[in-house]
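Novice: This is the structure I have questions about; it appears just below.
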Amino acid sequence: MDVVSLCSRLIKCKSVTPNDDGALDLVADFLAAVGFETNIMFFRSPDGSNVVKNLFASFGTSSKKILGFLGHSDVVPPGDGWDSDPFEPVQRNGYLIGRGICDMKGGIGAFCSAVAQFVQKKFDGSLKILITGDEEIGTPEGIRSLLDWCCKTGNIPQDCLIGEPSSENVLGDRIYLGHRGSINIVVRSTGLQGHVAYPSNFKNSLAPVCRFVTHMLDYQWKYEDKRFPQTHLEPTMLFTNNYASNVVPDQTSANLNIRFSSDYNTSMLREILQNEAKKFDLSLEFIESGNAFFCDDEKLKSAMVSSIQEVTGVATAFSAGGGTSDGRYLVSHCNTIEFGLVDKFIHQKNEKTKIQDLLNLEKIYLRFLEKYFSSP
């Protein structure tokens, strides 16, 4: 099965988180046919309310070099406004269209097609493939449970390639060596409802939240680690329990997100935000996504850059910007880099990628595998 056919079959699986709809079985069958040992695992939350399907596949027993591939088969809901069925792959004007083709069924298809060719030749090492079914939500029963199982069974790779979309404008122009950390903050204020014309009779819950948000937008974040974009705070939502123009609300909340460099960690940010919130008599709730991480492994960087250059001729830049990925959980176990398709159309209606990019990505991954296992 060629890479375009494999990706097309993956698109047909309506694997909107938390459903799998056969996506991981399809990948497992494809890998098993070329000699991989495959293991489909279901991890359950302690109360049994959440069950996530995951795949682990392995080829080879040598421990001289152990390369992993990390991905996810789940996709976000398609939404409205598509020109075609989002789960029926369409080829049009040189593009393959369908939900998840960029994020990240194209990456899975390209890597699986590359390893299927690579394992036909002898090599001194082994391959580990980890694919989770809930990256878009990111519950503990996804990659974190899969990694716990890998640690307990001795199946952690030495190095890992994440096939998430990383290219910016053309395939190969950007490799992610890491990402900023992310933390969400829910800001809450309680006041006393009243008529807007009688200030002595109410306590406005909205005003201190607005002042706090403005205050934090002007906060001077340090910027010492230039490998990352500077730490940045952005308000994302604002709620009150009142919709009348002449009534002051007694309950207000706002959601903020901070994407932060290695100049900070979640504990430091908690302390900063709590201290600032006290000035406005606000309460905070924190939802942590993970700290910043970065990989400076020269052999991985060199193998990937030269593979891209040989296939596309594109000049490659390194970055630690963008969103978060499951790499934040893997990076404490092994060296991790991220490279895949152009990310321009992820999570959009009519999600698409160039068919030639899929073919070239397969070639790049194959070159990378050859260079990785042939280097000293």
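Novice: Under the condition of being polar (S, T, N, Q) and touching a strand residue (DSSP E or B) at 6+ places or on another chain (Cβ under 6 Å), which residue from segment 62-93 is nearest to Thr132 (Cα to Cα)?
Specialist: So, considering only residues that are polar (S, T, N, Q) and touching a strand residue (DSSP E or B) at 6+ places or on another chain (Cβ under 6 Å), the one nearest to Thr132 (Cα to Cα) is Ser73.
Here's the yes/no breakdown for (1) in a helix (DSSP H, G or I); (2) touching a residue at least 24 places away in the same chain (Cβ under 8 Å); (3) basic (Lys, Arg):
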{"position": "Met41", "(1), (2), (3)": "no, yes, no"}
{"position": "Ser49", "(1), (2), (3)": "no, no, no"}
{"position": "Leu67", "(1), (2), (3)": "no, yes, no"}
{"position": "Asp80", "(1), (2), (3)": "no, yes, no"}
{"position": "Pro86", "(1), (2), (3)": "no, yes, no"}
{"position": "Gln91", "(1), (2), (3)": "no, yes, no"}
{"position": "Gly106", "(1), (2), (3)": "yes, yes, no"}
{"position": "Phe123", "(1), (2), (3)": "no, yes, no"}
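Novice: Restricting to segment 23-42, name every residue that is within 22 Å of the chain's Cα centre (by Cα) and surrounded by 17 or more Cβ atoms within 10 Å (Cβ to Cβ).
Specialist: Result: Ala23, Leu24, Leu26, Val27, Ala28.
Novice: Here is a further query. Please enumerate the residues belonging to segment 166-213 that are under 19 Å from Phe280 (Cα atoms) and in a loop (DSSP other than H, G, I, E, B).
Specialist: Gly191, Gln193, Phe202, Asn204, Ser205
Here's the yes/no breakdown for (1) in contact with a strand residue (DSSP E or B) (Cβ under 7 Å, 6 or more places away or on another chain); (2) assigned by TED's automatic domain parsing to the domain that holds Ala207; (3) touching a residue at least 24 places away in the same chain (Cβ under 8 Å); (4) more than 18 Å from Gly322 (Cβ to Cβ):
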position: Phe239; (1), (2), (3), (4): yes, yes, no, yes
position: Gln251; (1), (2), (3), (4): yes, yes, yes, yes
position: Asn255; (1), (2), (3), (4): yes, yes, yes, yes
position: Met268; (1), (2), (3), (4): no, yes, no, yes
position: Glu276; (1), (2), (3), (4): no, yes, yes, yes
position: Glu298; (1), (2), (3), (4): no, no, no, yes
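Novice: Do we find a residue being crowded, with 19+ Cβ neighbours inside 10 Å, assigned to a strand (DSSP E or B) and in contact with a helix residue (DSSP H, G or I) (Cβ under 8 Å, 6 or more places away or on another chain) anywhere in segment 258-267?
Specialist: yes
Novice: Right, here's the next one. Taking segment 293-352, which residues are on the phi > 0 side of the Ramachandran plot and of a type outside the set (Gly, Ala, Ser)?
Specialist: Result: His347, Asn350.
Novice: Identify all residues within segment 214-240 that are in a strand (DSSP E or B), closer than 16 Å to Ile272 by Cα and out of contact with any helix residue (DSSP H, G or I) (no Cβ under 6 Å at 6 or more places or on another chain); write none if there are none. Steps first, answer last, please.
Specialist: Taking segment 214-240 first, the residues in a strand (DSSP E or B) are 232-240.
Now narrow it down to the ones that are closer than 16 Å to Ile272 by Cα: 232-234.
Once the filter is applied, which keeps residues that are in a strand (DSSP E or B), closer than 16 Å to Ile272 by Cα and out of contact with any helix residue (DSSP H, G or I) (no Cβ under 6 Å at 6 or more places or on another chain), segment 214-240 yields His232, Glu234.
Novice: May I pose another question? Considering only residues of segment 182-218 that are of a type in the set (Val, Ile, Thr) and touching a residue at least 24 places away in the same chain (Cβ under 8 Å), which is farthest from Ser325 (Cα to Cα)?
Specialist: Only one residue fits best here, namely Val196.
Novice: Counting just the residues of segment 285-323 that are hydroxyl-bearing (Ser, Thr, Tyr) and not in a loop (DSSP other than H, G, I, E, B), which one comes out farthest from Ser261 (Cα to Cα)?
Specialist: Among those residues, the one meeting the criterion is Thr312.
Novice: Could I ask something else about it? Is it the case, given these coordinates, that Lys14 is in contact (Cβ under 8 Å) with a residue 40 or more places away in the chain, farther than 23 Å from Ile137 by Cα and not in a strand (DSSP E or B)? Reasoning before the result, please.
Specialist: On the way: in contact (Cβ under 8 Å) with a residue 40 or more places away in the chain: yes; farther than 23 Å from Ile137 by Cα: no; not in a strand (DSSP E or B): yes.
So Lys14 does not fit the description; no.
For (1) surrounded by fewer than 24 Cβ atoms within 10 Å (Cβ to Cβ); (2) in contact with an Asp or Glu (Cβ under 6 Å, 6 or more places away or on another chain), each residue gets a yes or a no:
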position: Val52; (1), (2): no, yes
position: Phe56; (1), (2): yes, no
position: Lys65; (1), (2): yes, no
position: Asp80; (1), (2): yes, no
position: Asn93; (1), (2): yes, no
position: Met104; (1), (2): no, yes
position: Phe111; (1), (2): no, no
position: Gly125; (1), (2): yes, no
position: Thr132; (1), (2): no, no
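Novice: Here is a further query. Conditions: (1) modelled with pLDDT under 95; (2) closer than 27 Å to Thr353 by Cβ. Lys121 meets all but one. Number of the miss?
Specialist: Status for Lys121: all satisfied but (2).
The values are calculated or read from the model by the stated rules, or taken from the named source; none is laboratory data. Small disclaimer: the values here were computed from a predicted structure and weren't measured. Neighbour counts run over all protein chains shown; Cβ positions are idealised from the backbone, glycine included.
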